[in-house]
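The values are calculated or read from the model by the stated rules, or taken from the named source; none is laboratory data. The shown structure was predicted, so the numbers you read here are calculated from the model rather than taken from an experiment. A quick note on method: Cβ atoms are made from the backbone with ideal geometry, for glycine too, and the neighbour counts reach across all protein chains shown.
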Amino acid sequence: MLPYKSLIALQKRTAVPVYQQISNRLVDLIRGGVIKPGASLPSSRQMATLLRVHRKTVMAAYEELYVQDWVETIPRKGIMVSKRLPEISQKICKEMPGKKGYSHQPRIGYRNIVPESQRILNAGDHRLIINDGFPDLRIAPLDSILKEYRYLLRQPAMLRRMQYGDPAGSLNLRESLSQFLLDTRGIDCTPENIMMTHGAQMAISLAARLILRPGSTVVVGEPNYFMANKIFEECGARLIKIRVDENGMDVDALERICERKKPDLLYVIPHHHHPTTVTLSCDRRMNLATLIRKYKIPVIEDDYDYDFHYDSSPILPLASADHGGHVISVGSLSKCLAPSVRVGYMVAPSNFVRQASELRKLTDVRSDNLLEESLAIIFKNGDFQRHLKKSVKLYRQRRDFMCSLLNDELGNKITFTIPSGGMALWVKFNKKYPLSGISARASARGLYISDGLFYDSPNIHYNAIRMGFASLNEKEMRMAVDILKSEM
Ligand SMILES: Cc1ncc(COP(=O)(O)O)c(C=O)c1O
């Protein structure tokens with residue numbers, strides 16, 4: 001008999017269950033030719049004695065091998081290694097003529113979503129990153145989420161919820177979220193009014209695709225969140241741009257447009273407008289709510305950053321006012337947790353939510369239910385709210401630090417206004433200092449900073465960028481600003 005005791009070394013400190021360690025090791029031994037096809041394995045009792053484990057553990061390991069076709073059970077002989085091992089054997093087929101593999105250029109007709117020539121600077125390759133305004137992943141409550149994720153995996157009832165299920169997302173999370181939205185921003189909605197999405201981005205896209213047709217008109221701010229503009233253009237809509245000043249979108253300009261012809265959609269970012277970070281003033285918000293009711297304008301209210309306000313209590317979103325069912329509110333949990341934890345939501349009349357869910361199914365049958373259920377738990381036990389509180393406190397300090405650092409070091413070369421919330425500053429660089437050059441030189445020194453070109457429109461060059469302060473600690477901010485200073 002083979003020296004199984006030394007061939008199968010079991011680890012105590014590992015998450016891999018013992019039976020799986022045994023079956024994995026036996027597969028390795030079979031694959032490596034140490035145990036030959038047709039050979040008998042020791043009985044479960046013998047193997048249990050050899051390895052000093054419970055017999056049931058060996059039986060579970062053998063069961064695993066049997067299910068995977070590595071062994072057969074032969075009556076009165078015991079367990080034998082299969083004569084035909086379950087390795088994937090590639091079917092031999094005639095070589096296709098021509099070159100193998102994928103080339104750069106497809107031989108099929110397709111649309112370019114971005115110009116092929118667009119420079120792609122990969123932020124991840126840099127040691128320091130000034131991003132658009134993302135949270136600090138080092139404080140994200142990923143452990144809490146993971147703990148609940150693991151806990152849920154062990155619940156037998158969870159198996160049933162791992163089917164495709166409701167494309168609107170976890171009911172538990174939608175229940176928790178409806179309470180949270182009421183408590184934090186006065187949005188009165190039920191779980192039927194909420195659809196969970198992969199981030200706010202998906203919610204904007206679904207709402208736009210349901211509302212717009214080729215030739216539709218969409219009123220947006222100038223400048224605006226470029227990814228939203230892209231969505232609307234992809235739907236075949238024409239953008240009507242109105243000025244965004246220090247009080248937010250120019251609502252009088254919207255009224256003049258409505259007097260001529262009602263637009264098919266208005267896209268508004270009421271708090272910390274992207275990119276300029278301004279907040280729609282209270283007066284304008286009230287006028288806007290009146291206009292929406294008067295002209296029955298469909299609205300996507302993108303409140304991606306609402307949870308981060310630093311100075312006083314925030315102005316409530318349009319969705320909390322009497323809007324006559326015209327406002328589709330969009331929000332993001334990714335901004336509170338981590339950009340790659342893709343969870344956002346849409347709040348809308350329930351029939352709209354239903355149609356949006358059906359539309360979603362065409363590209364993404366549903367979101368990650370285990371993640372959503374885990375989030376529902378951290379909403380219920382208060383971990384999420386505690387994390388938000390902690391983040392707001394920290395990001396307020398970082399905003400203040402970044403503002404004074406920029407004033408001290410680059411004061412005569414840039415201008416910016418201190419935002420009341422959000423995670424970024426909108427920093428305009430003096431025209432003498434073109435951002436394209438600064439971005440390239442900073443990149444060579446390990447600092448990623450955007451060149452801001454995507455904010456430009458054909459006749460406006462802003463030479464400005466969003467400088468995210470939330471994800472950098474004070475030392476990192478100093479290092480980044482030092483590099484910028486020396487490259488200007
Ligand atoms: C204004 C605005 N809306 C929506 C999004 C997308 O957010 P999410 O990551 O939740 O999809 C962003 C991302 O930066 C944003 O700036």
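Of all residues in the range 241-264 being touching a strand residue (DSSP E or B) at 6+ places or on another chain (Cβ under 7 Å) and within 15 Å of the ligand (Cβ to nearest atom), which is nearest to N459 (Cα to Cα)?
For the range 241-264, the residue satisfying everything is V244.
State the number of residues belonging to the range 318-329 that are more than 8 Å from V347 (Cβ to Cβ) and either β-branched (V, I, T) or within 16 Å of the ligand (Cβ to nearest atom) (or both).
Within the range 318-329, the first condition is being more than 8 Å from V347 (Cβ to Cβ), and the residues that meet it are 318, 320-327.
If we keep only those that are either β-branched (V, I, T) or within 16 Å of the ligand (Cβ to nearest atom) (or both) as well, we get 318, 327.
Of the residues in that region, 2 qualify.
Look through P275, P317, P270, P263 and report the one residue that is within 24 Å of E233 (Cα to Cα) and in contact with a Lys or Arg (Cβ under 6 Å, 6 or more places away or on another chain).
Going through P275, P317, P270, P263 in turn, the sole match is P275.
Just one of the numbered conditions (1) within 22 Å of S457 (Cβ to Cβ); (2) touching a residue at least 12 places away in the same chain (Cβ under 8 Å); (3) in a helix (DSSP H, G or I) is not true of R285; which one?
Condition not satisfied by R285: (1).
For the list (1) within 16 Å of the ligand (Cβ to nearest atom); (2) within 22 Å of S178 (Cβ to Cβ), I need the number of the one condition that I315 fails.
(1)
Say we look at the range 207-238 and pick out the residues that are basic (K, R) and within 16 Å of the ligand (Cβ to nearest atom); which of these is modelled with the lowest pLDDT? Quick ask: steps written out before the conclusion?
Initially, the range 207-238 is screened for residues basic (K, R), giving 209, 213, 230, 238.
Okay, now just the ones that are also within 16 Å of the ligand (Cβ to nearest atom), so 209, 230.
On the way: R209: 98, K230: 94.
Filtering the range 207-238 for residues that are basic (K, R) and within 16 Å of the ligand (Cβ to nearest atom), the one modelled with the lowest pLDDT comes out as K230.
Examine the range 61-73 for a residue that is in contact (Cβ under 8 Å) with a residue 24 or more places away in the chain, of a type in the set (S, T, Y) and surrounded by 18 or more Cβ atoms within 10 Å (Cβ to Cβ), and state whether such a residue exists.
yes
Looking at (1) at pLDDT 95 or above; (2) buried (at least 21 other Cβ atoms within 10 Å of the Cβ); (3) touching a strand residue (DSSP E or B) at 6+ places or on another chain (Cβ under 8 Å), which one does F384 not meet, given that it meets all the others?
Single failed check for F384: (3).
Can you list residue pairs whose Cβ atoms sit under 6 Å apart, with the first residue in the range 365-390 being farther than 25 Å from L159 by Cβ and the second being buried (at least 18 other Cβ atoms within 10 Å of the Cβ) and among the β-branched types (V, I, T)? Count only pairs 6 or more apart in sequence or on different chains.
F384/I378
I'd like the full set of residues that are surrounded by fewer than 23 Cβ atoms within 10 Å (Cβ to Cβ) and either of a type outside the set (S, T, N, Q) or within 16 Å of the ligand (Cβ to nearest atom) (or both), limited to the range 287-296.
The first filter runs over the range 287-296 and keeps only residues surrounded by fewer than 23 Cβ atoms within 10 Å (Cβ to Cβ), leaving 287, 289-291, 293-296.
The answer is A289, L291, R293, K294, Y295, K296.
Return yes when N351 is modelled with pLDDT of 95 or more and exposed (fewer than 15 other Cβ atoms within 10 Å of the Cβ) and no when it is not.
On the way: modelled with pLDDT of 95 or more: yes; exposed (fewer than 15 other Cβ atoms within 10 Å of the Cβ): yes.
When the stated conditions are applied, N351 passes them.
Conditions tested, residue by residue: (1) touching a helix residue (DSSP H, G or I) at 6+ places or on another chain (Cβ under 7 Å); (2) over 27 Å from G421 (Cβ atoms).
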site	(1), (2)
A348	yes, no
N351	no, yes
Q355	yes, yes
D364	no, yes
K380	yes, no
H387	no, no
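Could you list, in sequence order, all residues of the range 31-63 that are touching an Asp or Glu at 6+ places or on another chain (Cβ under 9 Å) and in a loop (DSSP other than H, G, I, E, B)?
V34
I need the full set of residues from the range 294-314 which are under 19 Å from L210 (Cβ atoms) and not in a loop (DSSP other than H, G, I, E, B), in order please.
Residues satisfying the conditions are V299, I300, E301, D302.
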